[in-house]
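The values are calculated or read from the model by the stated rules, or taken from the named source; none is laboratory data. Just so you know, these numbers come straight off a predicted model, no measurement behind them. All Cβ positions, glycine included, derive from the backbone under ideal geometry; neighbour counts span all protein chains shown. For the accessible areas, the whole protein counts, side chains as well, though only heavy atoms, and no ligand, DNA or RNA atoms are used. Shrake-Rupley method; radii C 1.70, N 1.55, O 1.52, S 1.80 Å.
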Amino acid sequence: MSLVLGAFTMGLILSLLSLGTLISFRMIRFTDITVDGSITLGASVAAVCIMRGWNPWAATGLAMLAGACAGAVTGLLHTRFRIQELLSGILVMTALYSINLRIMGRSNIPLMNSASISSGTEKLLNRSGNPFEKWNLAGWEVPLPDIANLACAAVVCLIVAFLLTRFLRTHFGTGLRAAGNNPQMARAQGINPETMIILSLALANGLVALSGALLAQYQGFADVQMGIGMMVWGLASIIIGEALISRVGIGLTICGTILGTILFRLLIAIALRWGLQPNDLKLVTAFFVFAALVLPHGLAALKKRTHRGERHA
Amino acid sequence: MQLSQTKIKEGLVVKAVGRLDASWADLFMEGMLQEVRAGEHHLFIDASELTYVSSAGIRSLILLQKELFTVQGWFRIIHAVGMVRQTLALAGFEQWLLEKAPGKEEPCVREAVTDKPACFNLQWDAALSARAISAWNPWNPVRMDQCRKLVVDEQSFALGIGSAADTLDQSRELFGEFMAIQGCVAMQPPDEHSRPDYLVPEKSFLPELHSIQAILCRGAMSHLLRFSPRTEQPVHSLSTLITEAMRVTEASAIGFVIAGEIEGLVGASLLRSPGRITPETSTDFPAMRDWINFCGERMFSGEQALICGTALRNEQYHPQQGALLPLAEPGLFAHLHAAVFPYQPLPNGRIELAATVRRFFNGPPPRAVLHLLNDSRPGVGLGESALLRGACWCATLSNPEVL
Amino acid sequence: MLELVNLHKTFMPGTANEVRALQGVSLTIQPGTFAVLIGSNGSGKSTLLNAVAGSFAPDAGTIRLNGCDLTRLPEHRRAARIGRVFQNPFAGTAAEMSIAENLALAMHRGKHRSLRPALTRNARTQMADRIRELKMDLENRLDNPIGTLSGGQRQALTLLMATWTRPDLLLLDEHTAALDPKSAAKVTALTQSIVQREKLTTLMVTHSMQQAVDMSDRIIMMHRGAIVQDYRDEHKQRIRIPDLMAAFDRLARRELFDESVADLLKSQYA
């Protein structure tokens, strides 16, 4: 049960990353690899601030802001200096590696006993005052901090999802989506696609950094390596989400992405339980994304062939 | 529908095999008109293997009859049987249905090839007297005081640059190429958008033209030449036609009018009135392109042209001092203007100049009026204008010295 | 009123592929005029349209619309005043967004894009009313992605979007050329009715002589980056397709008029 609970919490936290990837990859159509750096940036900023005794919420907010800045820089490199999108992402990601080390001062900051955004919730839930209190959840004994973490992650995730849905349905949000869907049309409607790219990347990386900040607090450490392959994870989650909910529509797409991330984490947890080497995880993910990108075409062709066969018979 | 031709003494037998219905009527009509163009004005349509005639077929026969009527031609239908015969009879073709072609229906050689074009003597002592107007020397300003009013009456023809505007002042902007024969005038307004205009004399009205450059010939024509494609000479260039006209009139200076089917015309026409030229105006290349339009290719193939002009054979003639320009043949000089009309057949044999000109001007409007020239540029030159078949009226010029 | 003064544009200057697309084009189009640009390929007609739309900045010259200088404004800043329909029927709409969302974008063309919801009930009623006029049975499909519609339907919607907030100038870039004949006829009729009803100043590029003659108040012919003919007022009224063909023919002949012809005419036209 704690495994499922952990996967859920992890899934909710990482769904923020997936939503960020959704904005950059699906909405504005920008293959943004800055994600790998900005998630670490979020984690490191939050970790350092919490270490210095900041309020965890304030630290998380600052982390988000830092991520937004990183995204905006990528956008500026692409739009103002005409650098290819992938390359501008790589430049910022590479720079962020050093910046993250600078921020943290070393490659790893443990946060084991520090406060986190779930501390307040934990206190609220813990009426007995026993720090090791366990709750009975459908016959399972679950430690209270895990529940507090899950509740916090769920609340943050719900708020973000709600705000994002509302935002994408405003005049500004539709303009942003149009800029990604058809820049020429956006220009003809008086939208500057370049501004929209910068803003979208800021928003996307802000969400990614938020995810990183929560992740650091949940895992209890920030590590300079933690961002590697995160973009692909986000992508895998989006793909699963789209497979779950295929209808277009902003609300459903966002729900799908969140559910996709959670399902993806569950699958990983199960796979690890069954003995998958953690080191192979990224290879498996990469293979999964490859299959998800290629298979739909193969399936469609197969369907057509069998269909034709039926008609012949 | 298949058409096959056999020449007999009385005309041309065209055997039509198949169905004459809406689908085939156009093809049938085209085939028949081609024969009319080639000068076959007496046609026998062999209907022995014609299986069906619809109203569309009847219509094409009526159109063919109309076309032939203008050149005093006719057609008869022979060997019509069964339904075809009935349909044709009911449609009013009864009188033209023959059992068989007259004579022996024996094939003979398609066209008697003579060495020279057919020549008719009209009036052995006829001669033309010429008058020249020269108020403009290209590309200098026009000397407006030397412009003259020209009346082309029924005894004369003229070519030049002028305008039919009421006053000389109005004309200044409107000078363009014209050609006039027996009172009928075709002219090209000097304006990119304008179509050629024309005037036809009515009762007491005779068109008057303010001319800055013109040659007027007055008098009667002495000879008529009829020319058509021959094996050794498929097209007639203007040089060969003029040479031939000089041979029959036994003159070295002639005036002439030609009507005929075009093989290709090479010419130029003004885009802006020379009246606008001031001493400051540049008319050198490339500015010249705004003033005059050059055809750039051999034009108006298959249409009919009315050409009039004067020509001179004189090795000593200096074109810069007169109104004539060198032709392709050395020693031959001429000034020629042409009006282009949509194609209509000309009758065979001896035809009247007045009636022919009237027929052109009473039909659809002219498509162009241009000054003909001999494009002698090495390599890229378009050569000289040429005609396929037609008629040339000519007479000797009594006063070639004015040219 | 659209005023173009001495516009110049050279693409890839100084290279072997140098294209002098606009060579001093000056043009004034009065308000409410439907002007058509015609010309052969590479004559600069589309370049002129793009210059007005703001796809690139001209090398020299001025573009003024109703007295306001647009020359240095980027394309999206001109959108408030200029409506545009492209040749590609898929270029003018965002395929993955719904009909309603696309129309919402057009209703706010060139205005401040706020953080208020784009699709209010009021807006949807307006949309349904306007779309009903198209008679394409789209008013009940407002939430379908626009990518599921045919090219003709999308082009009709693009036209509606381009004219929703009455623009000072409507630009049509061969907007029926890529459609099947039936859709093209429908979009053409729609264009005429909208332009007439709203009295729009319109600049249209077309290859169709028929359209040029039938739809316009004024026909402007371009050749090699310059205006060579300008048929307007009573001159336009007498223009028929053969006249336009003849004008093209004259242009071709003018190309053949080189120095050797000039020399020839000196000796043969005296």
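Candidates in the stretch C:228-270 are the residues that are among the β-branched types (Val, Ile, Thr) and more than 7 Å from chain B (Cβ to nearest Cβ); of these, the one that is nearest to the chain's Cα centre (by Cα) is C:228.
Taking the condition closer than 24 Å to residue B:307 by Cβ and either outside the structural domain of residue B:360 (by TED's automatic domain parsing) or open to solvent by less than 90 Å² (accessible area, probe 1.4 Å) (or both), does residue B:141 pass? No; evaluated as a whole, the condition is false for this residue. Residue C:186 meets each of the listed conditions (1) away from chain A (no Cβ under 14 Å); (2) open to solvent by less than 20 Å² (accessible area, probe 1.4 Å) apart from (2). Candidates A:243, A:300, A:291, A:313: the one that is exposed (fewer than 10 other Cβ atoms within 10 Å of the Cβ) and modelled with pLDDT under 85 is A:313.
Here A:2, A:18 are screened, and the one residue that is farther than 20 Å from residue A:156 by Cα and touching a residue at least 24 places away in the same chain (Cβ under 8 Å) is A:2. Looking only at the stretch B:235-244, which residues are open to solvent by less than 10 Å² (accessible area, probe 1.4 Å) and among the hydrophobic types (A, V, I, L, M, F, W, C)? Result: B:238, B:241, B:242.
Rundown of residues vs (1) touching a strand residue (DSSP E or B) at 6+ places or on another chain (Cβ under 9 Å); (2) open to solvent by 30 Å² or more (accessible area, probe 1.4 Å); (3) within 14 Å of chain C (Cβ to nearest Cβ); (4) charged (D, E, K, R), yes/no style:
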{"residue": "B:343", "(1), (2), (3), (4)": "yes, yes, no, no"}
{"residue": "B:353", "(1), (2), (3), (4)": "yes, no, no, no"}
{"residue": "B:373", "(1), (2), (3), (4)": "yes, no, yes, no"}
{"residue": "B:391", "(1), (2), (3), (4)": "yes, no, no, no"}
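Residues that are assigned to a strand (DSSP E or B) and within 19 Å of the chain's Cα centre (by Cα) within the stretch B:217-232 comprise B:217, B:223, B:224, B:225, B:226, B:227, B:230, listed in sequence order.
Per the listing C:9, C:45, the residue uniquely open to solvent by less than 60 Å² (accessible area, probe 1.4 Å), more than 13 Å from the chain's Cα centre (by Cα), closer than 30 Å to residue A:191 by Cβ and touching a residue at least 24 places away in the same chain (Cβ under 8 Å) is C:9. Given the structure, is residue C:107 in contact with a Phe, Trp or Tyr (Cβ under 7 Å, 6 or more places away or on another chain) and either among the hydrophobic types (A, V, I, L, M, F, W, C) or away from every other protein chain (no Cβ under 12 Å) (or both)? It is true that residue C:107 is in contact with a Phe, Trp or Tyr (Cβ under 7 Å, 6 or more places away or on another chain) and either among the hydrophobic types (A, V, I, L, M, F, W, C) or away from every other protein chain (no Cβ under 12 Å) (or both). Take residue C:222 and decide whether it is within 19 Å of residue C:46 (Cα to Cα) and at pLDDT 90 or above. It is true that residue C:222 is within 19 Å of residue C:46 (Cα to Cα) and at pLDDT 90 or above. Given the criteria closer than 16 Å to residue A:191 by Cβ, at the interface with another protein chain (Cβ under 7 Å from one of its Cβ atoms) and touching a strand residue (DSSP E or B) at 6+ places or on another chain (Cβ under 7 Å), does residue C:75 qualify? Against the criterion (closer than 16 Å to residue A:191 by Cβ, at the interface with another protein chain (Cβ under 7 Å from one of its Cβ atoms) and touching a strand residue (DSSP E or B) at 6+ places or on another chain (Cβ under 7 Å)), residue C:75 does not qualify.
A residue that is under 30 Å from residue C:102 (Cβ atoms) and open to solvent by 50 Å² or more (accessible area, probe 1.4 Å) occurs somewhere in the stretch C:213-226.
Of the residues making up the stretch B:1-36, those that are in contact with an Asp or Glu (Cβ under 7 Å, 6 or more places away or on another chain) and outside any strand (DSSP E or B) are B:33, B:36.
Please verify whether the stretch C:147-163 includes one or more residues that are more than 14 Å from chain A (Cβ to nearest Cβ), in a helix (DSSP H, G or I), free of Cβ contacts under 8 Å to residues at least 12 places away in the same chain and hydroxyl-bearing (Ser, Thr, Tyr). There is no residue in the stretch C:147-163 that is more than 14 Å from chain A (Cβ to nearest Cβ), in a helix (DSSP H, G or I), free of Cβ contacts under 8 Å to residues at least 12 places away in the same chain and hydroxyl-bearing (Ser, Thr, Tyr). A count restricted to the stretch B:281-322 and to residues that are away from chain C (no Cβ under 12 Å), modelled with pLDDT under 90 and under 22 Å from residue B:398 (Cβ atoms) stands at 4.
Looking at the stretch A:89-103, is at least one residue at pLDDT below 80 and over 21 Å from the mean Cα position of the chain (by Cα)? No, the conditions are met nowhere in the stretch A:89-103.
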